[in-house]
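Undergrad: Next up is a structure, given as structure tokens.
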Amino acid sequence: MKTKNLLPQIIEPFAIVALLCLFIVPTLTVINLSPITKEVQDKNVLGVNTFSSNTVVKLVGGIHDIIKNETLVNSNERQFLYKATIQKREAEETYSKPILKLQNNGTFPVKLSFFGYTDSKTNSKISLKIGRNSYLLKDYDSTLHAQEIILEPTSDTNLYLYIENTNRILFPEYFELEISL
Amino acid sequence: MSRLLKRILKISVWPAILMIAGKLLGIIAANIVYKLDFFIDNQIEGIFSIQLYYTDSSTMVLVNSLSNLLMIIILAVPTIYFIIKTSIYQSTLQNPRTIVKITKLNLLKWIAKDDTSFLLIFIWCSFLLVASFIVIAQNIQGICYSWIGGISAVLAIFSVWGTIKTYEQEIDKIYPKEKELY
């Protein structure tokens, strides 16, 4: 009596699974091979990115009558120190100059903290300006204020130093601005 | 095991390999041509633990788009080739003028070899459709250039249309008189 070979029938379900795998495996591999940015891993709970490699802080430079000897030191990956000399100046005058160019090349907002001070107590009001927004650093009574700015993704902006004084200042002042990412 | 299943498995191996190879080669080529910095990291989430990273989004979009384009081209070229070959072959059977043209172009030997079947076209077209869906989905997510998504969509539509035409021609072979009814 001739026996029926059942092996092909047993293999058939496995062959169907293999066929499905031939479609599913390349699909998943291609999806997984699609690169991503590292930023996604560093996004904190507030949705503000603290990953600093995409944030660029550059000195604008140029010549100004009052704000001179500008330098920008990158002390570490997350901290910058801007230094300048504010020359002697007349009373009831305002002076402004673009000092820094801020760039966020990433896809998430970046928070920048600013803290500025001078080496002398003069009746000068020093603030930072981005567009129409003003961020007070030093008041007329020499009170210091820390400021925070959110830099939107894929954006760049110029940061202006804005100086107002009621009295005439007869000597140069040294100004320092700490920038933290 | 049925002959049909055996044949489907045999045909499916090449497009599956080429789909992965196309994507991989595209990534390697983009990194070499544009001299890009990338790094590989492990991640806990997802099916695969290895993930390719770029430090900025524009580079990631560029690499992803170019690798998608190469993958689509690698899958589309054979699919279109099979569709055109089958279509010319079927035309030679029905139209003597096509035979004359083919003979003049010295393509008779190429066209006379009927090694292209509907099944082959159908499987290659299926892989092209899967790849196109991935590209279009990534295009919607904003991680692939829109013109590459457009090319994928056009190629997918063309290959589906070609596969349907091939199916009709195969049906005409079995039921020649059915054609007159439509």
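The values are calculated or read from the model by the stated rules, or taken from the named source; none is laboratory data. It should be emphasised that the depicted structure is a prediction, and the values quoted were computed from it without experimental measurement. Quick reminder, even Gly has a Cβ in these numbers, built from the backbone with ideal geometry, and neighbours come from all protein chains shown. Keep in mind that these areas ignore ligands, DNA and RNA; they rest on the heavy atoms of the full protein, side chains included. Shrake-Rupley method; radii C 1.70, N 1.55, O 1.52, S 1.80 Å.
Undergrad: Please work out which residue is farthest from the other protein chains (Cβ to nearest Cβ), limiting yourself to the range A:98-115 and to residues that are closer than 19 Å to A:K68 by Cα and open to solvent by less than 10 Å² (accessible area, probe 1.4 Å).
TA: By that ranking, first place goes to A:I99.
Undergrad: Now a separate question. Within the range A:78-114, can you find the residues that are of a type in the set (F, W, Y) and farther than 19 Å from A:S124 by Cα?
TA: Result: A:F80, A:F108.
Undergrad: Moving on to the next point. Scanning the range B:144-157 for residues that are crowded, with 19+ Cβ neighbours inside 10 Å and among the aliphatic types (A, V, I, L, M), which turns out nearest to B:V77 (Cα to Cα)?
TA: For the range B:144-157, the residue satisfying everything is B:L155.
Undergrad: On to the next question. Taking the stated definitions as given, is B:L4 aliphatic (A, V, I, L, M), open to solvent by 70 Å² or more (accessible area, probe 1.4 Å) and at the interface with another protein chain (Cβ under 7 Å from one of its Cβ atoms)?
TA: Considered against the rule, which asks whether it is aliphatic (A, V, I, L, M), open to solvent by 70 Å² or more (accessible area, probe 1.4 Å) and at the interface with another protein chain (Cβ under 7 Å from one of its Cβ atoms), B:L4 comes out as no.
Undergrad: Among the residues of the range A:152-175, which ones are surrounded by fewer than 15 Cβ atoms within 10 Å (Cβ to Cβ) and charged (D, E, K, R)?
TA: A:E152, A:D156, A:R168
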